[in-house]
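Okay, structure first, notes after.
The values are calculated or read from the model by the stated rules, or taken from the named source; none is laboratory data. The structure presented is a predicted model; accordingly, all values stated were derived computationally and were not measured. For neighbour counting, all protein chains shown are included, and Cβ atoms are generated from backbone atoms with ideal geometry for every residue, glycine included.
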Amino acid sequence: MCGIMGYVGHRSALPILLDGLRRLEYRGYDSAGVAVLNDGHIEVRKTAGKLAQLTEITSGPGLLHGTVGIGHTRWATHGLPTDANAHPHSDCGGRVVVIHNGIIENFLPLKEELQARGHTFRSDTDTEVIAHLIEEELYEARSPSVPLEEAVRRAVQHTRGAYAIVVLCSDQPDRIVAVRQISPLIIGLGKGETILASDIPALLSHTRDVLVIEDGEMAVMTASGATVERLDGATVAKQPLRITWDAEMAEKGGYPHFMLKEIHEQPRALQETMMGRLDAPGGAPELDGVSYSPEFVRGLRKLWITACGTAYHAGLVGRWVVEHWAKVPVEPELASELRYRDALIDPQTLTVAISQSGETADTLAAAREARKRGTRLAAITNVVGSTLSREADDVLYVRAGPEIAVASSKAYITMLVALQMLALDLAVRRGAVTPPQTAHIIQAMKALPGKAQEVLLRESEVASLAARLADREHMFFIGRGLDYAVAQEGSLKLKEISYLHSEALAAGELKHGTLALVTPGVPVFALVTQRHVYEKTLSNIQEVKARGGLVIAVAYDRDTEITKHAEVVLRIPDTLDDLAPVLAIIPLQLFAYHVARERGNDIDQPRNLAKSVTVE
Ligand code: F6R
């Protein structure tokens, strides 16, 4: 994530940048900075912490007369949230400044090459390489008359990854150059001023006419407008769009609720979580932040997984893939239970603590308790620099970006792929999978973002089902193996935002008691993605049907048999059974969302709940 702003025009740039950053703070808020052109020099101010701190260090007349500037609010991915790692980043000479949203996958080799050529780095970020690459194009071995846009075009050709990059150069003060690859970039066209932002809300108080920059495009902004071309040099004829949303809708990117926005952000979150980690020629994942030794992995006797709520449900999926691929026994335990158990945790174990926030009190306490008993601690978290990440030996960040809705969606789905990557890493290191098996799994994982997008396109079917069932009082979710893990998360989502009673059961358990609650018309969601138990689950579906229950299946597109058994089928694209949870949860998230909406509930802030639970 991260929020970016740029201004070139006739007004003082600083207040416009700060106002835009405030509206973009939902995209990241661990550090912030601005760069303003002042009398031919670039002045940079940046700081760790929230925007209020940046406002404090920029107050006073110093920066106020500059009419060209850029600004950034950060969500750390590479490097802790410190002053030095805050954007903008400069070249060696302080003539070029860069802000960036995204990830430069190959920044390490680029950094080493640039250092070998004499460049001095001041941060741990991936972004800083861009400033130095542009510096080389502008000032070294080339004529200084290279236009900034040409230097940026040449520089980004060396990079791989996702970005929206914005560049300002003191020697070419009339323009700002911006390029986009995956990360969003919008340009607003005002009267005698041009404004750039990651998202529309930051522009709306200045203009409603915008250019949406697409992947592979570069924009050159001046006070009189913007020209857009493709990075390969082809010109682009772009018509401005007129935005009609009101301000509140715009904050949510046009979605009525943050939760729906975050559900729709899942394909990108998946892509970013895998980015640069599944590209090694040998096939093994490259998990930045994970440094356990080969001897430790070979001697590993058991994994503990600990977490709360949705993160715990992700852990249940983790158990399955670690046992199946890496052949290491796994015990998942709720954090609030683990810390009071006489758990047999020893130095030959790895404890994986999962937490979106990295601040959940129960999870921190369980992780600390496990550590006291000698385990190695690995954290899976979304927040760089969180308490959990600082205390762990290994940290795998999920890169979901800030999650605002209390009910977790994109953090959960990215935890699933993080756990799959960890499981595959252990499996490869322990020789439990062959290179062709690894390649097959990686190929299927890389297809997940596109398939998640396909599931989202089917939202209207889920919304109609929700409208039909929104007045019910009880619902059940059943499944076996990984389907049971997803059933538990689907049931929790429904409870927390719709306030309906729901319960998830291992499908085979239904007949041992809870079947007594299945009466005519009671909705029972049956997940049937796991081939090895498919027929067994069909038998459980029959038990439900025999009592008049309404069966709604979540099944693959290829499954033609299921229509004979279920009244409604919510479809997901075919994938490996081990990866199915990533797709199967999406219709259930959408169902919970639409039921809650039908019932008129406060979806983003459900009653009695909080986003980060820092009490026991
Ligand atoms: C449910 C939900 C909670 C959290 C739980 C742990 O949608 O969000 O169940 O998953 O409170 O929070 P983190 O992951 O921050 O430790």
## Note on the structure
the stretch 151-215: strands (runs of 3 or more DSSP E) wholly inside it with 2 or more residues that are at pLDDT below 95 and among the small types (Gly, Ala, Ser) are 161-169
### Query
For Ala546, all conditions in the list (1) farther than 23 Å from Ala485 by Cβ; (2) within 16 Å of the ligand (Cβ to nearest atom) hold save one; what is the number of the exception?
(2)
### Message
What's the number of the only condition in (1) surrounded by fewer than 23 Cβ atoms within 10 Å (Cβ to Cβ); (2) at pLDDT 95 or above; (3) within 23 Å of Met275 (Cβ to Cβ) that Ala86 fails to meet?
### Response
(1)
### Task
Taking only the stretch 329-343 into account, find how many residues are within 13 Å of the ligand (Cβ to nearest atom) and not polar (S, T, N, Q).
2
### Task
Among the numbered conditions (1) away from the ligand (no atom under 16 Å from the Cβ); (2) within 28 Å of His257 (Cβ to Cβ); (3) touching a strand residue (DSSP E or B) at 6+ places or on another chain (Cβ under 8 Å); (4) outside any strand (DSSP E or B), tell me where Val582 comes up short.
(3)
### Task
For the stretch 67-80, name all the residues that are closer than 16 Å to Asp126 by Cβ and buried (at least 21 other Cβ atoms within 10 Å of the Cβ).
His72, Arg74, Trp75, Ala76, Thr77
### Identity of the residue in the stretch 344-375, assigned to a loop (DSSP other than H, G, I, E, B) and aliphatic (A, V, I, L, M), that ends up farthest from the ligand (Cβ to nearest atom)
Leu344
### Task
For the stretch 289-311, indicate whether the set of residues that are within 16 Å of the ligand (Cβ to nearest atom), touching a residue at least 60 places away in the same chain (Cβ under 8 Å), of a type outside the set (D, E, K, R) and farther than 30 Å from Gln530 by Cα is non-empty.
no
### Task
Please work out which residue is surrounded by the most Cβ atoms within 10 Å (Cβ to Cβ), limiting yourself to the stretch 534-590 and to residues that are polar (S, T, N, Q) and in contact (Cβ under 8 Å) with a residue 60 or more places away in the chain.
Gln589
### Summary
Those residues of the stretch 191-228 which are more than 18 Å from Gly3 (Cα to Cα) and without any contact (Cβ under 8 Å) to a residue 60 or more places away in the chain amount to Lys191, Thr207, Arg208, Asp209, Gly216, Glu217, Ser224, Gly225, Ala226, Thr227, Val228
### Task
Name every residue in the stretch 379-420 that is more than 9 Å from the ligand (Cβ to nearest atom) and of a type in the set (D, E, K, R), in order of residue number.
Arg390, Glu391, Asp393, Asp394, Arg399, Lys410
### Task
Sort out which residues of the stretch 312-328 are within 13 Å of the ligand (Cβ to nearest atom) and of a type in the set (A, V, I, L, M), and write them in order of number.
Ala314, Leu316
